[in-house]
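Q: This is the structure I have questions about; it appears just below.
The values are calculated or read from the model by the stated rules, or taken from the named source; none is laboratory data. Everything numeric here is computed off the predicted structure, so don't read it as measured data. Backbone-built Cβ (ideal geometry, glycine too); neighbour counts: all protein chains shown. With ligands, DNA and RNA removed, areas are computed over all heavy atoms of the protein, side chains included. Shrake-Rupley method; radii C 1.70, N 1.55, O 1.52, S 1.80 Å.
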Amino acid sequence: MILHIDMDAFFAAVEQRDNPELRGKPVIISGRSMRSVVSTASYEARVFGVKSAMPLATALKLCPDAVVVRGRMDRYRDVSGRVFRILRNMSPLVEPVSIDEAYVDVSGCERLLGSPFHIAGTIKHEILNQENLTCSIGIAPVKFAAKIASDMNKPDGITVITQENMPAFIETLPIGKVPGVGAAALKTMASLGIKTLGQIRALDDGILKSKFGVFGARLKHLSLGHDAAKVVTEYERRSYSTETTLDEDTLDSEFLARILLEQAGEVARQLRKGGVKARIVTLKITYADFRQITRRRTLDYPAQNSEQIFEEALRLFKEETFYGKIRLIGVGAAGLLDESRPVQASLFTDTAVVRHEKWEKAERTLDSIMNKFESIRISRATTAELGETPVKGKS
Ligand code: TTP
Ligand code: MG
């Protein structure tokens, strides 16, 4: 199951928490000029119709007694960081969406932490205890439903949509609530007589495609309760890569393989420096005519050493049928995992694991030698700058 957590009236709640005088009062977070727009408002101000993105002048007409507070972004970022830490203590699969919003996949945590509903309760409890703030949580088998659910009992609510409830949820869900359906799409929906997500199911794929393009196919999936989107951690979104534009276009595979080896070493070094391992290795090639291809492979065992990355990049290289000379070649690593996250070694042959670990150890030793070497170079450069050792040419 997937949880979607969204803090209640986030900026305003932080201000009310930090300043007891603001509690129970209508508070608007905004710039002070009358031309500013409302960033958010406390629930006391929302009763009057004050909303995010509304001009401050309009908001003050609706609610003249509101206290206008200038936002403190640094403060909200700090709080957000601590809230995300609470979430990461529950499950490693946390996807931050915005400063006050995240998905957490709790599928693997139930034996340890209890039912998703129980985990949601624990999260709310922790956030209240440690930060004195409330949030709302949606629980569902898929992301889009969890996101909609978190908004259904705001503030301070938990809403669960079970697998069994999904068909009924979809049947009655107003189409405008589906993430991605904006004002324009809503108008088209109205012209087609579509009011709920459930009605999409009966719509012909051709019509969906002609009216909404690729989003049409996604809507069809959602109407069937399918959402392929996975919870993607920050690490997984990041990637490391390096590429080289060749002095001369070439098809000399031995030469290109040597470059791949060097690039694999560089990528592996970046991974170790970042404290991450990669599950995906990519190969990028630009032909002399600028046509570009990228190939990727998911590894059986997350990599952090150059041997493994080189092996995979070379394999991708060998699988490719080249139709012309190459002008640029590059290696990348994606699908990153925290290096401290244990890998289920039982899934792999022991010899492979031992071999990878040996390489990693060797390269770490090399890293530390290189680091020392770099600091020697730096200290030499500093001395040189001070004029003690005259240096000529490149070091
Ligand atoms: P939201 O989660 O959209 O709003 P909220 O947390 O204030 O209220 P709710 O209880 O409905 O979740 O946005 C989070 C923060 O992002 C919000 O506190 C202020 C900021 N924000 C803006 O600055 N401008 C905007 O237009 C919106 C929507 C949010
Ligand atoms: Mg919020």
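Q: How many angstrom lie between the C-alpha centres of the stretch 136-192 and the stretch 64-87?
A: 26 Å
Q: Got the relative contact order for the stretch 1-50 handy, in percent, Cα pairs under 8 Å and 6 or more residues apart?
A: So the answer I get is 33 percent.
Q: Please name which of V67, G213, I119 has its Cα lying farthest along the dipole of the chain towards the positive end, using unit charges on Cβ (Lys, Arg +1; Asp, Glu -1) and the Cα centre as origin.
A: The residue sitting most towards the positive pole is V67.
Q: Additional query: Can you send over the carbon and sulfur percentage of the accessible area for the stretch 10-72, probe radius 1.4 Å, protein chains only? Let's see the in-between values first.
A: Values: 1930 of 3420 Å².
Answer for the stretch 10-72 is 56 percent, counting heavy atoms of protein chains only.
Q: Here's a follow-up. Quick one: compute the contact order of the stretch 170-221, relative version, from alpha carbon pairs under 8 angstrom and 6+ residues apart, as a percent. Kindly include the intermediate steps, with their values, before the conclusion.
A: Working: 41 pairs, mean separation 18.3, N = 52.
Computed value for the stretch 170-221: 35 percent relative contact order.
Q: How many angstrom lie between the Cα centre of the stretch 277-336 and the Cα centre of the stretch 219-242?
A: Centre-to-centre (Cα) distance: 22 Å.
Q: Can you tell which of L260, L133, L203 shows the greatest fluctuation in a Gaussian network model of the chain with Cα springs below 10 Å?
A: Result: L203 has the largest fluctuation of those listed.
Q: Checking the table K209/K277; K124/K220; K143/K187; K230/K284; K147/K209 against a 29 Å threshold on Cα-Cα, which pairs fail?
A: Table pairs above 29 Å Cα-Cα are K209/K277; K124/K220.
Q: If the elastic network links every pair of Cα atoms under 10 Å, which of R23, R35, R238 fluctuates the most in the Gaussian network model of the chain?
A: Top of the fluctuation ranking is R35.
Q: When all alpha-carbon pairs of the chain are counted, what percent fall beyond 38 Å?
A: Percent of Cα pairs beyond 38 Å in the chain: 43.
Q: Mean-square fluctuation check for the chain, GNM, Cα pairs under 10 Å: which of A45, A102, A184 is largest?
A: Per the Cα network of the chain with a 10 Å cutoff, A184 tops the list.
Q: Over the chain, with the other protein chains present, what is the accessible area per residue in square angstrom, probe 1.4 angstrom?
A: Values: 22050 Å² over 395 residues.
The answer is 56 Å² per residue.
Q: Please report, as a whole percent, how much of the solvent-accessible surface of the stretch 170-221 comes from carbon and sulfur atoms (probe radius 1.4 Å).
A: The value for the stretch 170-221 is 61 percent carbon and sulfur by accessible area.
Q: If amide H atoms are built 1.01 Å from N in the plane of the peptide, which residues on other chains or at least 5 residues away come under 5 Å of the amide H of I158?
A: I137
Q: Which of the trypsin sites (Lys or Arg not before Pro) found in the stretch 84-140 are loop residues per DSSP with 14 or fewer other Cβ atoms within 10 Å of their Cβ?
A: Hits after loop and neighbour filter: nothing returned.
Q: Under a point-charge model restricted to the Cβ atoms of Lys and Arg (+1) and Asp and Glu (-1), what is the dipole moment magnitude of the chain relative to its Cα centre, in debye to the nearest 20?
A: 860 debye
Q: What is the local net charge at L186, summed over the other residues whose Cβ is closer than 15 Å to its Cβ (Lys, Arg +1; Asp, Glu -1)? Please list the in-between numbers first.
A: Values: positive: K177, K187, K195, K211; negative: none.
Charge balance near L186 sits at +4.
Q: Below 8 Å between Cα atoms, with a sequence gap of 6+, how large is the relative contact order for the chain in percent?
A: Relative contact order comes out at 12 percent.
Q: What does the charge add up to near I280, with Lys and Arg as +1, Asp and Glu as -1, over the other residues with Cβ less than 10 Å from its Cβ?
A: +1
Q: How much net charge surrounds C63 when only other residues with a Cβ under 14 Å from its Cβ are counted (Lys, Arg +1; Asp, Glu -1)?
A: Once all neighbours under 14 Å are counted, the net charge is +2.
Q: Also, I was wondering about something else. Among the chymotrypsin sites (Phe, Trp or Tyr not before Pro) within the stretch 251-307, which fall in a DSSP loop and have no more than 16 other Cβ atoms within 10 Å of their own Cβ?
A: Here the sparse-neighbourhood loop sites are F290.
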